[in-house]
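Visitor: This is the structure, below, for whatever I ask next.
All of the numbers you see were taken from the coordinates with simple rules; none came from a lab. On a predicted model such as this, the values are computed, not experimentally measured, just so you know. For neighbour counting, all protein chains shown are included, and Cβ atoms are generated from backbone atoms with ideal geometry for every residue, glycine included.
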Amino acid sequence: MSNQANPANQVDISHADEAIPEDQRRNPVTMGLLWITMVTFFPGVLQGFIWFKEGLSFMQVVGFAALSCLLMLAYAIPACHIGSSSGWSYGGLIRSVFGRSGNKIVACNLVFMFIAWYGLCSLFLAENLHGLFHFDLSLTVLAPILSIVMAFNNFWGFKGVANFARFFAAPLLIFWVGYTFFKTIQTVPMSVLTEPGTCTGLAAFAMVANFIIGVSVWGNEADYWRYGRSRVSATLLPVAFALTIGQIIFPTTGWLVGRMTGITDYAGATAFMNDYSFGGIAILGALVLSASYFAANDSNLYGSTNALNHLVKLPHRKAVTLLTVLGALVAVVLSGTGCAGALEKVASLNCVLLAVPTVIIIAEYFIVRKLYRQDSDFSKPPRDEELPAFSRAAVSALLAGCLVGVATAGVIPGLESWHQGICSIQGWACAIAVYTFMRGREIRERSYIKVESDRSAEELVRR
């Protein structure tokens, strides 16, 4: 039974199969505050410590972070704008490009990746709280408990996510970031800003870009931005502002503190950040960290719930309950292996596996349909009879893009030497090339068949 058919279960994330009405759209400020929580989290600060350890200079961190954000915007703006301009869900957009059943491939991938992030974020928070308060509870117990508590907001749908981001998480994160950044930059000598690094420019750029794109990509941006206003500026400004805070100021702050203290390990960095920013008051550090991870997992669970809806129809709260249990199990499994190195690998897979389907949608609506003058009407989703079961072009492009991206991500044992360049950009470029070529051939073949059919009909009329 749909949410609309049962008013008792109606929540703000309905309209799964139709466009979001204009009167239910959020303003750019709300969407911007939400997106800050989507691209800002504490490991972003810790990554700055790692970049200092790897020998990146201040100018390399700031310059390459800014350039990486521009690359991210080249993906994010069309990905978000296609949601706000159409009002369609990500699943509806995927279905229109991949076919009636092709969207299920992408939906499975979304559920898998979002639940992996959900469990990982729960474990990160458990480790941080354990370090601050030294609980007797083991991470194996604490992490799944936090996973369950983190699901609270999603029982009230998108409204719960947006309100939590707007009224609590985002303001607290902005205050924390601003306070730490300005306090730090006033204590380091000006010569630090021009010191050369020991890492080569190309290696530094690849390192920064792979991380920033990897943690900033959500894949199903349309599911969130379909609630935003349809103007391009209403998308561009909030996304750019969020990336500036989450992917430039956060890691730069970590680099500055690392340069000031010489700390390069995660545990030492977390402890020092609490002492330096909050005077060693553990409860303040816990509030900031909890706000960040709770907001991130709100979005992880919301995204996986939307994806699950395209695999099996469940009442919203039952779906949230099921996915919460899966996330808790993932947290238990991860607690046995630890988080060292997991973030880099998950991020590398994230920007390929989740982003490539979205890149193919972008290629369809912003390249193929304009290049070949095809209809781009968003007024209603295509009917089942208008779609194939699977789009050969979309599935082929998905496989090609993912193979190239994963092979160059450095996550497959034995292929470390292939870890060159920016894996996400390479995978995206391959997917766009394959899809555009195959779709162009399909359109030309269809046009040729239509011409031949019309010619045959004319000859029959003459006879």
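Visitor: Using only the alpha-carbon atoms, how far is helix 282-308 inclined from the longest principal axis of the chain? Give it as 0 to 90 degrees, nearest 10.
Guide: For 282-308 against the chain, the angle is about 10 degrees.
Visitor: What ³J(HN,Hα) values, in whole Hz, does the Karplus curve 6.51 cos²θ - 1.76 cosθ + 1.60 give for segment 125-142 when θ = phi - 60°, with x put for Gly and Pro?
Guide: 5, 4, 5, 5, 5, 5, x, 7, 10, 6, 4, 6, 5, 6, 4, 5, 8, 5
Visitor: Using +1 at the C-beta of Lys and Arg and -1 at the C-beta of Asp and Glu, which of 273, 194, 141 has the Cα lying farthest in the positive direction of the dipole of segment 7-341?
Guide: Projecting each Cα onto the dipole axis, the largest value belongs to 141.
Visitor: Starting from the amide H of residue 228, placed 1.01 Å from N in the peptide plane, find each other amide H under 5 Å away whose residue is 5 or more places distant or on another chain.
Guide: Amide H neighbours of residue 228: 26.
Visitor: Also, I was wondering about something else. Order of 54-61, 428-435, 81-88 by packing, highest average Cβ count within 10 Å first?
Guide: 81-88, 428-435, 54-61
Visitor: Which order do the peptides 382-388, 119-125, 440-446 take when ranked by the mean count of other beta-carbon atoms within 10 Å per residue, highest first?
Guide: Descending mean neighbour count gives 119-125, 440-446, 382-388.
Visitor: Here is a further query. Give the peptides 101-114, 347-360, 229-242 in descending order of average Cβ contacts within 10 Å, highest first.
Guide: Descending mean neighbour count gives 347-360, 101-114, 229-242.
Visitor: Suppose R0 equals 41 Å; then what is the FRET efficiency for residue 53 and residue 325 from their Cβ-Cβ distance, rounded to the nearest 0.05?
Guide: 0.65
Visitor: How far apart, in nm, are the 7 Å Cα→Cβ label points at residue 203 and residue 175?
Guide: Output for this residue pair reads 4.2 nm.
Visitor: What is the angle, in °, between the Cα long axis of helix 170-185 and the longest principal axis of the Cα atoms in the chain? Nearest 10 is fine, range 0 to 90.
Guide: Between helix and principal axis, roughly 50 degrees.
Visitor: Let me confirm the definition first: pairs of Lys residues in the chain, 8 or more apart or on different chains, C-alpha distance under 19 Å. How many are there?
Guide: So the count works out to 4.
Visitor: About the Cα centre, and with charges only on the beta carbon of Lys, Arg (+1) and Asp, Glu (-1), how big is the dipole of the chain? Nearest 20 debye, please.
Guide: Charge dipole of the chain: 900 debye, to the nearest 20.
Visitor: Next question. When the Cα centres of segment 315-367 and segment 389-410 are compared, how far apart do they sit, in Å?
Guide: Cα centres, segment 315-367 to segment 389-410: 17 Å.
Visitor: Using +1 at the Cβ of each Lys and Arg and -1 at the Cβ of each Asp and Glu in the chain, identify which of 361, 404, 295 lies farthest towards the dipole's positive end.
Guide: Of 361, 404, 295, it is 361.
Visitor: Still on this model: Add -39500 (n - 2.57) for each DSSP H run of 4 or more in the chain, then divide by its residues: what number comes out at 222 nm, to the nearest 500 deg cm²/dmol?
Guide: Roughly -22500 deg cm²/dmol at 222 nm, from the helical runs in the chain.
Visitor: May I pose another question? Roughly how tilted is helix 201-216, in degrees to the nearest 10 and between 0 and 90, from the longest Cα axis of the chain?
Guide: With both axes taken from Cα atoms, the answer is about 70 degrees.
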